[in-house]
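What follows is one structure encoded as structure tokens, with my remarks underneath.
The values are calculated or read from the model by the stated rules, or taken from the named source; none is laboratory data. Note that the structure is a prediction, hence the values are computed from the model and not measured. When we count neighbours, we look across all protein chains shown, and the Cβ atoms used for this are built from the backbone with ideal geometry, even at glycine. Each accessible area value is taken on the protein alone, full model and side chains, heavy atoms only, with ligands, DNA and RNA left out. Shrake-Rupley method; radii C 1.70, N 1.55, O 1.52, S 1.80 Å.
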Amino acid sequence: GVTDIRFDVAADESVQIENTLVVYGYGAFANNSNPVQPLPEFAGQPFSVRQWIAQTMMANVPGHEFRGGTMIEWDPKQRVLKTAWRTQANLLNSLCTVSSANDILYCWGAKSGEWALEGIDWHTGKPAFTYVVGSSRAYDPLGGPLHIAPNGAIDFGSGLGIVRVRPKPGRVAR
């Protein structure tokens, strides 16, 4: 099937998907890789590596977020591909992952300028949790994937090393 992927950022939205879709069951999730507000110094210029780097470095800054994510789902009875839900969360700079143990989509994002681990219910798109870790560049995943460790921690590589977000006891990701 074929379906449009819209993020509902704005009526004239400019979106870009550079990362791999997260596929689980009959669903596939894509998040926007384009900032809501382009940096003014690049207005009217063709897209460049310099622009991509600058925009990526500003992705946690309010006003320059990469807002929007869409879940599309295959309906095997009707044999159609359709939009299941959308989110306006700022899911940026990483490859999301889903846990089959709890049906939570784990994505890296930002809230009010601080880096955050976002948990989203795979079936409804509603927020499951947000865990804010701080504003340091040490938390920038630089486009890499999130990994769910055997103990339920979320691991990812950053420009300054490996970052681990540990769940509270009894709340493992798996």
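Among what's in the stretch 30-42 and is outside any loop (DSSP other than H, G, I, E, B) and of a type in the set (A, V, I, L, M, F, W, C), pick the residue that is farthest from Gln88 (Cα to Cα).
First, the residues of the stretch 30-42 that are outside any loop (DSSP other than H, G, I, E, B): 30-31, 40-42.
So of that shortlist, the ones also of a type in the set (A, V, I, L, M, F, W, C) come out as 30, 42.
Values: Ala30: 12, Phe42: 24 Å.
Here the answer is Phe42.
Within the stretch 103-128, the set of residues being open to solvent by 20 Å² or more (accessible area, probe 1.4 Å), under 18 Å from Trp85 (Cα atoms) and assigned to a loop (DSSP other than H, G, I, E, B) comprises Asp103, His123, Thr124, Lys126. Just so you know, in the stretch 43-52 the residues that are at pLDDT 80 or above and not in a loop (DSSP other than H, G, I, E, B) include one that is most open to solvent (accessible area, probe 1.4 Å), and it is Arg50. Restricting attention to the stretch 80-90, does a residue exist that is more than 30 Å from Glu41 (Cα to Cα) and open to solvent by less than 20 Å² (accessible area, probe 1.4 Å)? Scanning the stretch 80-90, I find at least one residue that is more than 30 Å from Glu41 (Cα to Cα) and open to solvent by less than 20 Å² (accessible area, probe 1.4 Å), so the answer is yes.
The single condition among (1) surrounded by 20 or more Cβ atoms within 10 Å (Cβ to Cβ); (2) in a helix (DSSP H, G or I); (3) among the charged types (D, E, K, R) that Glu65 does not meet is (2).
Residue by residue, here is whether (1) of a type in the set (Phe, Trp, Tyr); (2) modelled with pLDDT of 80 or more holds:
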| site | (1), (2) |
| --- | --- |
| Ser14 | no, no |
| Asn19 | no, no |
| Tyr24 | yes, yes |
| Ser33 | no, no |
| Val36 | no, no |
| Met58 | no, no |
| Glu65 | no, no |
| Gln78 | no, yes |
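Residue check: Lys168 meets all listed conditions (1) open to solvent by less than 50 Å² (accessible area, probe 1.4 Å); (2) over 16 Å from the mean Cα position of the chain (by Cα); (3) free of Cβ contacts under 8 Å to residues at least 24 places away in the same chain but one, namely (1).
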